[in-house]
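Structure first, commentary second.
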Amino acid sequence: MDDVQTAIAMFALVAGLAWASGLRLYLTLFIIGLVVHFQVVPLPAAFDILGHPWVLTASGIMLVAEFLADKVPGFDSIWDGVHTFIRIPAGAILAGAAAGPADPVLVAVAAILGGVIASGTHIAKSGTRALINTSPEPFSNWAASLGEEALLLGGLWIMFVHPLIFLVALMLFILLLLWLIPRLYRAMRGLFRARSEVLQPRRGAT
């Protein structure tokens, strides 16, 4: 029974850190660093570095930068675009580290799955925010940003306290992504097409 619970907790940690990285990387790093620093729950030794005071300071500074950048309509999409090349690899690395000192094959599988989960979360987040940014008022953007942060904090808490419930919720989230991402793609394609049609007459007039 203990082995089953340990395996569930490990899978929840692997998937949860990948999911959180795709949503808010620096908040995830800062929280895990605090968990390690204050020894809230035992984590694999690979995460010990995140609890170092200098690393906590760096992740804290980037957390503040990300918090502010994510509240500025338009700039948040630029931030998301740049972090396409950061969040996804980081999600894979954290997922691999969460597998602990296990069989290298298991670590590799965890890293691959982590990259996939982080990719899906990041694409859904950035695509949704890009569509929200078409609204001229900033309040929907602020609400979405604060909602994402609340979702991450609640998700990580459930991951640590109720890992099985978290895995079930994550499976439902993945099913939602499979339904949502194609629709986001079509919506974004329609948005770009509409903007190009608006710009073409202006170019012709010049």
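The values are calculated or read from the model by the stated rules, or taken from the named source; none is laboratory data. Computed from a predicted structure; not experimentally measured. Using ideal geometry, Cβ is built from the backbone for each residue, glycine included, and neighbour counts are taken over all protein chains shown. What goes into the accessible areas is simple: the full protein's heavy atoms, side chains included, and nothing from ligands, DNA or RNA. Shrake-Rupley method; radii C 1.70, N 1.55, O 1.52, S 1.80 Å.
The table below gives the values:
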| item | result |
| --- | --- |
| Selected residue [open to solvent by less than 30 Å² (accessible area, probe 1.4 Å) and under 20 Å from Met171 (Cα atoms)] from Ala99, Ala150 | Ala99 |
| Test result for Trp79, in a helix (DSSP H, G or I) and under 18 Å from the mean Cα position of the chain (by Cα) | yes |
| Any chance Phe67 is modelled with pLDDT of 95 or more and either of a type in the set (D, E, K, R) or crowded, with 17+ Cβ neighbours inside 10 Å (or both) | no |
| Test set (1) closer than 17 Å to Ile117 by Cα; (2) in contact with a Gly (Cβ under 7 Å, 6 or more places away or on another chain); (3) open to solvent by 70 Å² or more (accessible area, probe 1.4 Å) - His37 fails condition number | (1) |
| Pair list, Cβ under 9 Å, 6 or more apart: the range 166-180 residue closer than 13 Å to Ile117 by Cα, other residue surrounded by fewer than 16 Cβ atoms within 10 Å (Cβ to Cβ) | Leu167/Ile8 |
| Pair list, Cβ under 6 Å, 6 or more apart: the range 122-143 residue buried (at least 19 other Cβ atoms within 10 Å of the Cβ), other residue among the aromatic types (Phe, Trp, Tyr) | none |
| Selection within the range 6-17 - open to solvent by 80 Å² or more (accessible area, probe 1.4 Å) and without any contact (Cβ under 8 Å) to a residue 40 or more places away in the chain | Thr6 |
